[in-house]
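The values are calculated or read from the model by the stated rules, or taken from the named source; none is laboratory data. Since the structure is predicted, the reported quantities are computational estimates derived from the model, not experimental observations. Cβ placement follows ideal geometry from the backbone for every residue including glycine, while neighbour counts extend to all protein chains displayed. Heavy atoms of the whole protein, side chains included, go into the accessibility calculation; ligands, DNA and RNA do not. Shrake-Rupley method; radii C 1.70, N 1.55, O 1.52, S 1.80 Å.
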Amino acid sequence: MTATTRFATTLLLCVGASAASARLAFSQCPDGTPPPCAGRPARVASAAPAPTSVAVLYFDNLSRDSSDVYLADGLTEELIDRLGQIERLAVKSRTAVQRFRGRTLDDPTAIGRTLSVAHLVSGSVRRSGNRLRVTAELTRAATGVRVWGETFERASDDLMTVEAEIAQAIALGIGGRLAPAERRSLAERPTANAGAYDHYLRANYLLARRTPVDVRAALDGYEAAARLDPSFARAMARIGLGYALFVDWGWPYPELSPDSLLQRGFAATDRALRLDSTSADAWMARGFLLEYRNPRTFEGALPAFERAVALDPRNAEAHHQFGGLFRYLNQYDAALRVYRRALALEPERAITLANISFVHLLRREYEDAARVMDSAIAADPGAYYAYGDQGWIRLLRGDLTGTRASAESALRFSPPGYASGGEALMAAVEARAGDTVAARARLDRVTRGLSNPDRPGVYDGLNAAMGYAQIGDRRRALDIIERVAPRGILLWSYLQAPQFDPIRDDPRFQRLLGELRPPGVTR
C-alpha cells in the first residue's frame with residue numbers, strides 16, 4: 001500500500017466529531033412559521049435554563065457614523081468569545097442572538113425563554129472623535145432585575161481594557177468568584193496595539209459577509225493589522241482564511257492567480273503558527289488550503305482540521321470546514337455529524353445549513369434538502385449561494401414556478417461576477433418551459449463571461465456545465481468539465497450531483513469520474 005493510499009484509507013475511515021442534534025434556523029419559513037421548516041415534529045417544551053447560562057445581545061451602535069457598527073459588533077463578539085472560555089458558563093453563540101439585533105430589552109423574560117438562558121447582557125457603544133462611551137448591563141432574564149451595570153468613558157484606543165472589565169464583571173455576576181486562571185483568560189489581549197485591533201475588528205465584520213468585495217477588503221484590514229503588530233497571530237490566521245475563501249469560491253482576484261492566492265494563504269498560516277502553534281484558526285485555514293494544494297489526495301488536510309477542532313472545540317467555522325472534507329469524499333454520514341456539531345455551536349449558520357441541504361441533495365433526499373435549505377434562507381435571506389441550490393431542488397421536485405423564483409432571487413442577491421449559478425438555473429427553467437433558444441443563448445453568455453474560459457474554476461465551470469447538461473447538450477457540458485481546475489476530489493465530488501444525471505451514462509463522463517476518483521475509494 002502506498003503512502004497516498006494509506007492516507008486516503010485513513011481519511012475515509014475517520015468519522016470526525018461525535019453526533020450532536022441542532023436546532024435549525026430562525027426567522028421565517030415559506031409557510032410563515034419559525035424554523036426548522038416543515039417536516040419536523042413540533043418542538044417540546046424546553047427545561048429550565050442553566051443558572052450559569054447567558055446570552056450577550058448585540059450592542060447598539062450609537063455613534064453618529066453608522067459605519068461604526070463594526071465596533072459594536074466586534075465588542076459583542078469578543079465578549080461572547082471571552083465568556084465562552086469559562087467552562088462553567090453556558091454562553092449562546094453570536095448566530096443564536098442575531099435575531100435580536102437592534103431590538104430593545106423591553107421583555108427580557110420572553111427573550112430569555114426563547115434563547116433558554118438565565119441571564120442577558122445588553123449595551124451600547126458610542127464613539128466621538130478619540131473618545132469611547134460604552135454602557136453594559138447584566139439582567140436576570142426571568143425577572144428583568146438588573147444584576148450589574150456600568151458606563152465606561154475611555155479613550156477609543158482603550159477598547160480591549162473595557163472588554164476585559166465587562167467580561168470579568170459579567171462572569172463574576174453569573175458564576176461568582178473567579179479562579180486566577182479564569183481572570184487571566186478574561187483579561188488576555190489578542191494584541192498590544194490598539195490600532196491593529198481596530199483594523200482586526202473591522203476586517204472580521206467584512207469577512208462575515210462572504211462576498212468577494214468584502215473579503216478582499218477584510219484581507220486589506222488584516223494585513224494592516226499585521227503591519228502594525230507583526231506578532232498578531234489572529235490577524236495572520238484570518239489572512240490565511242481569506243485567501244482560502246477566494247480560492248474555494250473561485251472569486252477572481254486582480255493580478256493574482258489561484259496558485260498565487262494559495263502561496264499567500266500558506267505564507268500567512270505558516271507565520272501565524274510560528275507565532276502561536278495553538279491557533280485553531282490557523283490550523284483550520286491550513287487544512288482548507290491543503291485541499292487545494294493537494295487536490296487529488298487532500299493530503300495533510302485531515303490532521304490539520306483535527307488539530308483545529310481539538311484546540312478549539314467551540315470553533316464552529318473549523319467544524320464547518322472539517323465537515324466539507326467529508327462531504328467532498330462522499331462520506332455523507334460523517335459530514336452530517338460534523339456539520340451538526342457546527343450547528344450545535346452556532347444554530348443559525350446559514351452556510352452550514354446550506355451544506356447540510358446539499359448533502360441531502362447528493363443523496364437524492366429532496367424533501368429533506370428542501371426543508372433544510374428553506375431554513376438556511378430563513379436564517380439569512382441574503383444568502384445568494386442558497387437560492388441557486390434551492391432552485392435546483394425545486395426543479396428536481398418538478399416545481400417550475402418555484403424554481404424560477406429561486407433563480408430570480410439568486411440573480412438579485414449574487415455579488416458582481418458571481419451570477420453563473422443563477423444564470424445556469426434560469427437557463428434550465430427556460431429549457432423546461434420550451435424556450436431552448438433562450439436557454440442556450442444564456443448559457444453561451446455565461447461561458448463567454450467565465451474569468452478563465454480555458455481553465456474555469458470548479459464552481460463557475462460546473463455551473464455552466466450543469467446548465468448545458470440540463471438542456472441536453474452533452475458535448476458542451478463535457479467540454480467544460482474537462483477543462484475545470486483544479487482537477488481532483490472537489491471536482492469529483494460535485495459531479496455526483498443529480499444535476500449531472502442527464503449525462504451520467506456518457507462514456508466521457510464515466511471516464512472522468514474514474515480519473516478523478518480519490519485513492520482508496522471504490523465505485
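Observations on the model:
- Every residue from region 284-325 that is touching a helix residue (DSSP H, G or I) at 6+ places or on another chain (Cβ under 8 Å), more than 22 Å from Arg209 (Cβ to Cβ) and not in a helix (DSSP H, G or I): Asn294, Pro295, Arg296, Thr297, Phe298, Glu299, Gly300, Asp312, Arg314
- Spans of helices (runs of 4 or more DSSP H) in region 437-523 with at least 1 residues among the aromatic types (Phe, Trp, Tyr) and within 23 Å of Ser357 (Cα to Cα): 458-470, 489-494
- Complete set of residues in region 248-269 that are hydrophobic (A, V, I, L, M, F, W, C) and at pLDDT 90 or above: Leu256, Leu261, Leu262, Phe266, Ala267, Ala268
- The residues listed here are Ala301, Ala285, Ala272, Ala280; of these, the one that is under 25 Å from Arg455 (Cα atoms), open to solvent by less than 60 Å² (accessible area, probe 1.4 Å) and either touching an Asp or Glu at 6+ places or on another chain (Cβ under 9 Å) or without any contact (Cβ under 8 Å) to a residue 40 or more places away in the chain (or both) is Ala301.
- Enumeration of residues in region 63-77 that are under 15 Å from Ala203 (Cβ atoms) and free of Cβ contacts under 8 Å to residues at least 40 places away in the same chain: Ser67
- Just one of the listed residues (Arg307, Arg296) is surrounded by fewer than 23 Cβ atoms within 10 Å (Cβ to Cβ) and within 20 Å of Ala485 (Cα to Cα), and it is Arg296.
- All of Ser128, Ser93 fail the test of being at pLDDT below 95, hydroxyl-bearing (Ser, Thr, Tyr) and open to solvent by less than 20 Å² (accessible area, probe 1.4 Å), apart from Ser93.
- Across region 61-79, the number of residues qualifying as touching a Ser or Thr at 6+ places or on another chain (Cβ under 9 Å) and open to solvent by less than 10 Å² (accessible area, probe 1.4 Å) comes to 2.
- Test for Pro416: is it at negative phi, out of contact with any Cys (no Cβ under 8 Å at 6 or more places or on another chain), in contact (Cβ under 8 Å) with a residue 40 or more places away in the chain and surrounded by fewer than 19 Cβ atoms within 10 Å (Cβ to Cβ): yes
- Any hit, region 125-134, residues being within 23 Å of Phe100 (Cβ to Cβ), touching a helix residue (DSSP H, G or I) at 6+ places or on another chain (Cβ under 8 Å) and of a type in the set (Lys, Arg): yes
- When the residues of region 163-178 are filtered to those that are of a type outside the set (D, E, K, R) and out of contact with any helix residue (DSSP H, G or I) (no Cβ under 8 Å at 6 or more places or on another chain), the one that is nearest to Glu78 (Cα to Cα) is Ala169.
- Number of residues in region 342-355 that are open to solvent by 20 Å² or more (accessible area, probe 1.4 Å) and modelled with pLDDT of 95 or more equals 1.
- Exactly one residue out of Thr143, Thr135, Thr114 is open to solvent by 60 Å² or more (accessible area, probe 1.4 Å) and out of contact with any Pro (no Cβ under 9 Å at 6 or more places or on another chain), and it is Thr114.
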